[in-house]
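One structure is given below, encoded as structure tokens.
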Amino acid sequence: MIALPSPPSSTQAQSKHTPRYSTDASSPSASLSLPTKQSRALSKAVRSEDWWFLDGSVVLWIQKTLYKLHRSSLMKRSKYLRRLFGDTLPASSQVDEGREDDEKGSEYGDPDVVEVAGKHSDGLVEGELVDRCPVYRVTVVTTEDFEALLNAWEDGFAFAQSPPPFLTLACLLRGAHALDCERVWDYASSVFTEMWPADLAELFTSSDEQQNYAKEALQLARECGLPSVRKRAYYELVCTSGFGQVATDDNAEYVDDEELQPSGASALRYADLLRLIATHERLEQAWWAIARGPPAPSVVPCPLDSIPEQNLTPEQKTALEECLAARKQSQLWWMEQVVQAPLFGQGRVDPLSGLQDLIDIDWQDIGFCAGCEGAREEFWGEEMRRLWSKLDLWLGLAMSAEEDKKDKKIK
């Protein structure tokens, strides 16, 4: 039987850098048999500095770290650990049931979930004791994600005051998803979906998290089965230079090869890159069609034009005259204030925000009547809603009408 020496008087363990594991020479199993590969790996594991309780009753072995915790507390908070303590689980027992398989039949595969599991099954490590406690191997979660869960369980009130930063939230989501922690999952998934809303009305209030972690949010949404997050994450990437895959200054004249190879944790899938490229091209074409000239009078008719002249009030006659004069000058104004202005370039990068900028222009100040201003707002607003809806199809977030019909026929 193999055991670790007793920890120091405090609940914290020794330094991470020095393994505190030893073989009990008096143990029959130690004297009669050579250590197995798993035993050797366990002997190299180190105790957690923060999560080693003197009165703990079970040791969890996660990656290269050991945690001595209270079994009853873990069983209350994690359905996965409750099942684990009852019986040994195979390595394939943790299945992402909620994750969408949107790449069925794709030749590119679907490397969404980074495998944490090793060769050994999750469950009791037979014949091993640490501080007289049974050792359970857990491979479905990383130490980083598990410790985020422990901190949330220890001091959950901190999150009630303010949501955690994105990276901490990501750890909570992955950990709660892997270990089936219902309460943490409900909280973290709610904060996550609010952080990445799919509502067009909330598109124009971009936060630092949305600008900096779109790639990570997209991967996390797939890994944890939260499809509603993907649309906003995709659009942030569409509007990001190089889709967030080039780590360089926009003004740099030369891009080194290393800058084109992001780390595996944040690299986009090939299928995602193809979708982003195609979507960016379609949005840019739509913006060019809108921004190259002012809308024609037939598209945004002046409501005063439809009123017989004899029925117009003096105020309406004045408004109509000013409106007609503004319309005659609209081509020149549009060229100066839209095509040759920063608005045009900004719209190429972010077409939906460009449309919102057109809506926000004070058209009455230019000379158009209130009816013409309202018609323009409605026209561009409808175009925004149309493009936002189209993203579902372009980004693979919804089946096309033909595919939907085929599915109904099959059913």
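Only the coordinates and a few stated rules stand behind these numbers; no lab work does. Note that the structure is a prediction, hence the values are computed from the model and not measured. Cβ coordinates were reconstructed from backbone atoms using ideal geometry, including for glycine residues, and neighbour counts include every protein chain displayed.
Quick notes on this one:
- Once the Kirkwood radius over Cα pairs is known for the stretch 114-235, the Stokes-Einstein relation at 25 °C and 0.890 mPa s delivers a diffusion coefficient of 155 µm²/s.
- Calculated FRET efficiency for the pair Arg386/Gln63, C-beta based, R₀ 41 Å, to 0.05: 0.25
- Plainly put, the stretch 277-395 has a radius of gyration that is 1.04 times its Kirkwood radius, both from alpha-carbon atoms, as the Rg/Rh ratio.
- Among Lys76, Lys37, Lys231, the order by Cβ neighbours within 10 angstrom, fewest to most, reads Lys37, Lys76, Lys231.
- Burial order of peptide ranges 141-150, 202-211 (average beta-carbon count within 10 Å, highest first): 141-150, 202-211
- Exposure proxy ranking, count of Cβ atoms within 10 Å, fewest first, for Arg275, Arg232: Arg275, Arg232
- Close amide H contacts of Arg47 (hydrogens built in the peptide plane, cut-off under 5 Å, sequence separation of 5 or more or a different chain): Arg20, Leu66.
- Scalar couplings 3J(HN,Hα) for the stretch 216-221, obtained by applying the Karplus form with A = 6.51, B = -1.76, C = 1.60 to θ = phi - 60°, are 5, 5, 5, 5, 5, 4 Hz; x denotes Gly and Pro.
- Taking a point 7 Å from the Cα of Ser162 along the Cα-to-Cβ direction, the residues of the stretch 179-218 with backbone N closer than 19 Å to it are 188, 191-192, 194-196, 206-213.
- Here the calculated FRET efficiency for Ser72 and Glu377, from their Cβ-Cβ distance with R0 = 56 Å, stands at 0.40, rounded to the nearest 0.05.
- Relative exposure of His70, His280, His177, judged by other C-beta atoms within 10 Å (fewest first): His70, His280, His177
- Lys79-Asp155 pseudo-label distance in nm [points 7 Å out on the Cα-to-Cβ vector]: 3.0
- Take the Cβ atoms of Leu54 and Thr193, set R0 to 56 Å, and the FRET efficiency comes out at 0.90.
- Sequentially through the stretch 160-174, phi angles give Karplus couplings (6.51, -1.76, 1.60; θ = phi - 60°) of 5, 7, 7, x, x, x, 4, 5, 5, 4, 4, 4, 5, 5, 4 Hz, Gly and Pro residues having no value and appearing as x.
- Glu321 versus Lys37: modelled label distance in nm, points set 7 Å from Cα along the beta carbon direction: 9.3
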